Amino acid sequence: MTEAPPLGADKAFNRELSWLAFNTRVLEEAANPAHPLLERLRFLSISGDNLDEFFMTRVAGLKGQQLRGVEELSIDGLTASQQLGPIAAEADALVVAQQAEWLVLREALAENDIEVVAPDALGKDEAEWLRGHFREQILPVLTPQAIDPTHPFPFIPNKAFSLVFLLKRGRRKEPVTELLMIPSTLPRFVELKGGEGHRFIAIEQAIRAHIDQLFPGFEARGSGAFRILRDSDIELDDEAEDLIRYFRSAIQRRRRGRVIRLEFSADTPPELEEMVRTGLSAKDALVNESSGLIGIADLSMLVEVDRPDLKFTPFTPRLPERIAEHDGDIFAAIRAKDFIIHHPYESFEAVVGFLRQAAADPDVVAIKQTLYRAGKQSAIVDALVAAAEAGKTVTAVVEIKARFDEEQNLLWAGRLERAGVQVIYGFVDWKTHAKVSMVIRREGGALRTYCHFGTGNYHPVTARIYTDLSFFTASRRAARDAAKLFNLTTGYVQPKGLELLTLSPRGLRERMLSLIDAEIASAREGRPAAVWAKMNSLTDRLVIAKLYEASEAGVSIDLIVRGVCCLRPGIAGLSSNIRVKSIVGRFLEHSRIFVFANGHRLPNRAARVYISSADWMPRNFDRRVEYLLPLENPTVHAQVLDQVMIANLIDNEQSWSLESDGSYVRSVPGKRHFNLHQYFITNPSLSGRGHSLAGKAVPKLRLTQRGGA
């Protein structure tokens, strides 16, 4: 589909600046005293990792457009060149804020016996231990390289951390320039021995403190540290004859991508900075100088310190009671009634168990599975391998274009193929982003299909920290539609006659627009009209324009958009009936839920409630295979609408309101505090409860009504 024209700055926020605002909210959680200290440090580390990826992908893409002279306009009407300046300024301000927060947290950590110290703060025993440790455990893996006409500047990989030195050699004091890439096998922080508590020194500090061992007989004149970020996006070639071979080659090329950003320590001599920029051919790279810690993301190592008193209180995800009532038989539980699982409060083991049971069940004849991100240790892949080895027909649609997981997915694909799984790699120009699993089982002489539809990935690690929904059903209509989705991805068979699902890249945007149009019609007829929507990002120009139309027709619109939001809320004559909030807290809000009032006040049993794998973004509508699924079972409908959505709307401890000027304002709880994450940790879900919790009421949530809602 042709991209819609820009909405303009008066009607839309810039996507990249909106993302930086989101990462600022992540950073704000590092300063949130409501969180335990090491969790605050984790938020700081996440903000650093997020910013790295932003430069490697989004900024790299804009830089590429600038260099190629591409004049494509952003949603707010700017060229790539016009965007890069404000982005660099905001990113630099974010880095300054990260460094300031690190100083605060560093002091607070020291008060709790976790210290990151400089070489001059070492005790005698610690200094002696570190000198020996450097000699025995660090020095052997270091390889300094002279930079001169016979030693050209080496290739430095993405995210590599390096040191540079100006030295004098011998009696003649000959000048020497040395480069030292710090091996990734070395920990960023070395834990010291010989003192009390947990005391660390950064690896670069440890190295620079032992220059005499690294360069014996040399005199140091100056030194500095730097880190690089490279363009890490993979551009697809529509004419690639072999997609697998192309991606293996592209992954290698990505490691040598153009340098996008250079971070230097503030004490790096100017001549060394110039030497590095020249050696890396990085004259066009964005440069940042920092007097603090380079590579904020590396602070994640310190979060692993064994101090449970400084972390969130652990909780054990619940297993759906209905499965237990059927003696662990997941198929029997699904046959009894559709149910939905709310991760991470309810265990991802139910999803894994669904496939493990399928692999072991002699009556199961076939399994079909999409895999977008599965992690490095995947029980899902293990179950599919076991099923294939047991003689079942197993099909896996492995998306090798999942950014930064391409290499891992190629490894999984190879393992699956060796086990006899039919592996499909999808499309050259589309990504298969839908999260769907089908198990076909022989029952009483006929075949019955059990389906799982997820809003998140089949990833055991993220399932513990992302909030997502897993819907299980034995609906024959859902099964027929799911089969058509798989036929689209495996055989390019266009789905016709869909009964429940709506699929992209053809039809999903149109379905959303028609649902909003129905609310507009209700409002004009004087009936209640409202839209509640929860997603990760909102950037689609056509959907935003339709929401503006709905707002001014009298539709009450509440949007929960965790990350990027290009829509401007609360503007008279444009979006006066639209409210936008973002929730950032202990868990990453990831589920996609869309609710339409359908002529009644929300919440109501007649409301149209959907779950989806798609955000409201052009890529999800036009370049990905996604699904939209209506929830018809009354209990599932009530759980998602009356429980999940209302909890998100009334949360006031982790919420931020988007203002019409683009700023975000943190909610102030007042007399009644409500934390949706804590609520779901402590209260059972409505769906899948079974009879064991019949006597335990779930607290009813109430929302103050707004307008037509």
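The values are calculated or read from the model by the stated rules, or taken from the named source; none is laboratory data. Keep in mind the model is a prediction, meaning the values are calculated, not measured. Quick reminder, even Gly has a Cβ in these numbers, built from the backbone with ideal geometry, and neighbours come from all protein chains shown.
Scanning the range 172-218 for residues that are in contact with an Asp or Glu (Cβ under 9 Å, 6 or more places away or on another chain), part of a strand (DSSP E or B) and of a type in the set (A, V, I, L, M) turns up Val176, Ile201, Ala202.
Within the set Arg68, Arg42, the sole residue that is among the basic types (Lys, Arg) and under 19 Å from the mean Cα position of the chain (by Cα) turns out to be Arg42. Checked against the criterion of being aliphatic (A, V, I, L, M), over 25 Å from the mean Cα position of the chain (by Cα) and assigned by TED's automatic domain parsing to the domain that holds Thr395, the candidates Ala463, Ala446 yield just one match: Ala446. Of the residues making up the range 450-481, just one is in a loop (DSSP other than H, G, I, E, B), of a type in the set (Ser, Thr, Tyr) and modelled with pLDDT under 90, namely Tyr458. Among the conditions (1) in a loop (DSSP other than H, G, I, E, B); (2) over 17 Å from Ile560 (Cβ atoms); (3) modelled with pLDDT of 85 or more; (4) of a type outside the set (D, E, K, R), Ile681 misses just one, which is (1).
When residues in the range 177-204 are screened for being buried (at least 19 other Cβ atoms within 10 Å of the Cβ) and in contact with a Lys or Arg (Cβ under 8 Å, 6 or more places away or on another chain), 3 of them pass. Among the conditions (1) under 14 Å from Val439 (Cα atoms); (2) surrounded by fewer than 22 Cβ atoms within 10 Å (Cβ to Cβ); (3) polar (S, T, N, Q), Gln422 misses just one, which is (1).
Restrict the check to the range 117-127 and report whether at least one residue is without any contact (Cβ under 8 Å) to a residue 40 or more places away in the chain and surrounded by 14 or more Cβ atoms within 10 Å (Cβ to Cβ). Yes, the range 117-127 has at least one match. Note on the range 37-141: enclosed helices (runs of 4 or more DSSP H) holding 1 or more residues that are over 24 Å from Lys193 (Cβ atoms) and β-branched (Val, Ile, Thr) are 37-54, 80-111.
Considering only residues that are surrounded by 17 or more Cβ atoms within 10 Å (Cβ to Cβ) and more than 22 Å from the chain's Cα centre (by Cα), which ones fall in the range 409-418? If the condition is that a residue be surrounded by 17 or more Cβ atoms within 10 Å (Cβ to Cβ) and more than 22 Å from the chain's Cα centre (by Cα), then Ala413, Leu416 are the ones that fit. Among the criteria (1) among the polar types (S, T, N, Q); (2) surrounded by fewer than 18 Cβ atoms within 10 Å (Cβ to Cβ); (3) in a strand (DSSP E or B), the one Ser223 does not fulfil is (2).
Out of curiosity, is Glu499 surrounded by fewer than 22 Cβ atoms within 10 Å (Cβ to Cβ), assigned to a helix (DSSP H, G or I), of a type in the set (Asp, Glu) and modelled with pLDDT of 95 or more? Here the answer is no, as Glu499 does not meet what is asked. Residue count for the range 325-362 satisfying the condition of being in contact with a helix residue (DSSP H, G or I) (Cβ under 9 Å, 6 or more places away or on another chain) and farther than 30 Å from Leu411 by Cβ: 15.
Kindly check whether there is at least one residue in the range 57-79 that is in contact (Cβ under 8 Å) with a residue 24 or more places away in the chain, under 27 Å from Cys565 (Cα atoms) and among the basic types (Lys, Arg). Yes, there is a match, as at least one residue in the range 57-79 is in contact (Cβ under 8 Å) with a residue 24 or more places away in the chain, under 27 Å from Cys565 (Cα atoms) and among the basic types (Lys, Arg).
A quick yes/no check of all residues on (1) assigned to a strand (DSSP E or B); (2) at pLDDT below 95; (3) within 25 Å of Asn50 (Cβ to Cβ); (4) touching an Asp or Glu at 6+ places or on another chain (Cβ under 7 Å):
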| site | (1), (2), (3), (4) |
| --- | --- |
| Arg356 | no, no, no, no |
| Pro362 | no, no, no, no |
| Gln377 | no, yes, yes, no |
| Ala386 | no, no, no, no |
| Val397 | yes, yes, no, no |
| Trp412 | no, yes, no, no |
| Glu417 | no, yes, no, no |
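A count restricted to the range 332-377 and to residues that are among the acidic types (Asp, Glu), farther than 24 Å from Phe587 by Cα and either surrounded by 21 or more Cβ atoms within 10 Å (Cβ to Cβ) or within 25 Å of the chain's Cα centre (by Cα) (or both) stands at 1.
Taking the criterion of being in contact with a helix residue (DSSP H, G or I) (Cβ under 6 Å, 6 or more places away or on another chain), over 26 Å from Ala336 (Cα atoms) and assigned to a strand (DSSP E or B), the residues of the range 419-449 that qualify are Val423, Ile424, Thr432.
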